[in-house]
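The values are calculated or read from the model by the stated rules, or taken from the named source; none is laboratory data. Model, not experiment: these values are computed from the prediction. All Cβ positions, even for glycine, are placed from backbone atoms using ideal geometry, and neighbour counts span all protein chains on display. For accessibility, only protein heavy atoms count, side chains too; no ligands or nucleic acids. Shrake-Rupley method; radii C 1.70, N 1.55, O 1.52, S 1.80 Å.
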Amino acid sequence: MKDFWVASGHHLLDRDEAGRLLVTDAFLKAYLARPELLPPENACEAELRLHHELLMHHPRRPVTGDEIAAMEDADARENWTFMIAFRDLLLSAPSLEAAYLKLVRGSAENTPPLFMNQLAQVVLRNALDGEQDPYVLRAAELFFRPQRVTFHEGTVLLADAEAVELHEQNRHASPLLNMLGGPAVTELDILDEANAAGYFARSDAFDMVLNLGGDGLARRGLATAMAAWIRHLLAVEVEIEPVDRIEDESWTWFVGLDAEATRIGNTLWNGHELESEPAERVIALFRLAFSDTREVIPEVGTRPVWLILAMMPDRTIRMKPQNLIAGLPYRVAAPAS
């Protein structure tokens, strides 16, 4: 079986009997070794000692407020306050899935988006364990990697925002590439049947483009990933299918998969007409149905739940997978008597 997203650190984690992820010292050490958490060379002695001499050897070691306050740089003190709070949450929760749910249902606003994305990736990697469809896996990257949208020859192309930025920097350095013109994203590999098998070898590079508008496999892949996410975190079975439009005069429920989609959905929900520009920002629509209607609040019942994915004015997509958890009209079934 082919592996993917190795850099998420999933192989460093243990699992309980239910398949939930359990924190290990190896995972914490690898997390502390990430480039964004490594102190710079000019960091003060207090920060270097905390990272290099203490936490890298004893990653579960309690860190006091005084140890953070002793750092000279204000940004370092803020970063370490967030980091230790995040680490302590992971250590106190029974699993990484439980930690994610606690953040989604309470304190996500106080957690840096980077930490939320990294946690979402490793939890999603567990939810998709055994998945061998490259379209599902590439589409699932939207959960934790911002995407740049390009409209090209009647298609909607999604490329990893960081990969595109790096490619554009290299392109500007080459006069020949600048002369050739055309969208930079078209110079990257677009996922198709011919190269799909190569996804696994390069999954940590996030350098394959997804044709979300012109390829039904891509939209169905995203639908499959969302259903697996809900199943894994809520133990609820749903069916999600892509649709071209919402044919429902009286919406019962919708979930915006990102901030812009939520804003657009709220505008429509309140009976207002969308201007042409916001309407054009809608990238994909999905219809969700619960397999067991007893798990749905009575106000929704058998009515569909509409999912909206949109891009920001700068043509980026920053999906918020926590909305799929917090925004569903889901209710916990009453315990058996």
- Under unit Cβ charges (Lys, Arg +1; Asp, Glu -1), what dipole magnitude, rounded to 20 debye, does the chain have relative to its Cα centre? 720
- Task: Write down the radius of gyration of region 252-337 and its Dmax, each obtained from C-alpha positions, in Å.
- Result: 14.6, 54
- Cβ-placed point charges (K, R +1; D, E -1), dipole of region 91-144 about Cα centre in debye, nearest 20: 180
- Those trypsin sites (Lys or Arg not before Pro) in region 1-45 that DSSP places in a loop and that have at most 15 other beta carbons within 10 Å: 2
- Fully extended, how many nm does the chain gain between residue 267 and residue 241 (0.36 nm per residue separation, minus their Cα-Cα distance)? 7.0 nm
- Treating only the Cβ atoms of Lys and Arg (+1) and Asp and Glu (-1) as charged, compute the dipole magnitude of region 225-302 about its Cα centre; round to the nearest 20 debye. 280
- Message: Stokes-Einstein diffusion coefficient for region 75-161 at 4 °C in a medium of 1.567 mPa s, Rh from the Kirkwood formula over Cα pairs: what value in µm²/s?
- Response: 87
- Under 19 Å Cα to Cα from residue 102, which lysines show up? Leave out anything in the same chain fewer than 8 places away. 320
- Query: Rounded to the nearest 0.05, what FRET efficiency do residue 259 and residue 98 have when you use their Cβ-Cβ distance and R0 = 41 Å?
  - Reply: 0.95
- Query: What are the aspartates and glutamates whose alpha-carbon lies under 13 Å from the alpha-carbon of residue 29, with same-chain residues fewer than 8 places away excluded?
  - Reply: 53
- With mean projected area of the Cα convex hull in nm² in mind, check (i) 21.2; (ii) 23.1; (iii) 16.6 and report the label derived from this structure. (i)
- Query: Roughly speaking, to the nearest percent, how much of the chain's 1.4 Å accessible area is carbon and sulfur?
  - Reply: 50
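Relative contact order of the chain: what whole-number percent is it, with Cα pairs under 8 angstrom and at least 6 residues apart?
Values: 456 pairs, mean separation 52.8, N = 337.
In percent, rounded to a whole number, it is 16.
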- region 184-337, relative contact order [Cα under 8 Å, separation at least 6], %: 23
- FRET E, pair residue 49, residue 114, Förster distance 35 Å, beta-carbon r, rounded to 0.05: 0.90
- In the Gaussian network model of the chain, springs joining C-alpha atoms below 10 Å, which of 168, 275, 78 carries the largest mean-square fluctuation? 275
- Item | Scaled radius of gyration (Cα, divided by 2.2 N^0.38 Å) that region 12-105 gives | 1.14
- Message: With unit charges on the beta carbons (Lys and Arg positive, Asp and Glu negative) and the dipole taken about the Cα centre of region 1-66, which residue among 43, 32, 1 sits farthest to the positive side?
- Response: 1
- Task: Compute the relative contact order of region 212-270 as a whole-number percentage, counting only Cα pairs closer than 8 Å that sit 6 or more residues apart in sequence.
- Result: 20
